[in-house]
Amino acid sequence: MSEIVFDSVSHSFGDRKVLRDIDLRLHERRVGIIGANGSGKSTLARMINGLLKPMSGTVTVDGVDAARKGAQVRRKVGFVFTDPDTQIVMPTVSEDLAFSLRRSGLSKQEIAARVEEMLVRFGLEQHGEHPAHLLSGGQKQLLAIGAVLIRGPEVIVADEPTTLLDLRNARVVADALDSVDQQVIVVTHQLALLEGFDRVIVIDDGAVTFDGTPAEAVPAYRASVG
Ligand SMILES: Nc1ncnc2c1ncn2[C@@H]1O[C@H](COP(=O)(O)OP(=O)(O)O)[C@@H](O)[C@H]1O
Ligand SMILES: [Mg+2]
């Protein structure tokens, strides 16, 4: 597993303090992050692969500073957004997966083989030549996860990957994330998704208010929202 370290991380947007002196060391295979809307979860998650730079403090992944060496960190850490439409860039499903490997140095044949493998893995093999925007919401999110996984990251950070989905599609996407061998850090409101997780962190108003097992975190979160 990689070691993700937040060292005295604070961040503000204008006058609003969004993260308050966060110290965290994440090295478990499954880590959940929960908390009310606006508590700072996305801000924190985006810092892990340098999408957002902290105003003070540092975030490192295996010792590499995500703010200073973003490209290097992003080779190791893939990011799955809430809305898969923001992540899908190519017209067809297969092209979108292949696009992830455009700078991999792999041959056309190797790329095609990996794309096929990913299509099969996520049950999209009938949809390779279909326009990506015609997939269901759940299938789009599977495609987005596939487009991250195909690059062979060591860590996946997913920011509310099931929030826009109906229950059935949320289940499908949760199962897909569950099947991933890599380290996964998930921000979610879907508490069922945290079952079997190694660690759950509760964020409230930019600070960590609980850090422990899912069994303890969920009651702590419920109590904090009253
Ligand atoms: N780019 C931004 N500019 C200004 N304010 C922002 C920006 N991103 C987030 N915020 C504000 O920062 C706070 C925390 O946001 P966020 O990290 O997205 O919380 P969460 O993901 O827990 O809902 C919210 O009040 C939000 O409105
Ligand atoms: Mg958010």
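Bear in mind these aren't lab numbers, they're just calculated from the coordinates by the rules spelled out. Here the structure is a predicted model, which means the values were calculated and not measured. Reconstructed Cβ throughout: ideal geometry from the backbone, glycine too, with neighbour counts over all protein chains shown.
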Cα-based Lys pair tally, the chain, threshold under 15 Å, eight or more apart or on separate chains | 4
Ranked list, fewest to most other Cβ atoms within 10 Å of each Cβ, for H11, H133 = H133, H11
What is the sum of charges around S94, taking Lys and Arg as +1, Asp and Glu as -1, for the other residues whose C-beta is under 9 Å from the C-beta of S94?
-> -4
Taking only DSSP H segments of four or more residues, each worth -39500 (n - 2.57), what value at 222 nm results for the chain once the sum is divided by all its residues, to the nearest 500 deg cm²/dmol?
-> -9500 deg cm²/dmol
Relative contact order for the chain: what is it in percent, counting Cα pairs under 8 Å that are at least 6 residues apart?
-> 27 percent
Calculate I(q)/I(0) for the chain by the Debye formula, one identical point scatterer on each C-alpha and no solvent, and give its log10 at q = 0.15 Å⁻¹ to two decimals.
-> -0.99
Within the under-11-Å Cβ sphere about H11, not counting H11, Lys/Arg +1 and Asp/Glu -1 give a net charge of +4
Could you tell me which of L191, T162, G38 has its Cα farthest along the dipole of region 4-225 towards the positive end, charges placed at Cβ (Lys, Arg +1; Asp, Glu -1), taken about the Cα centre?
-> G38
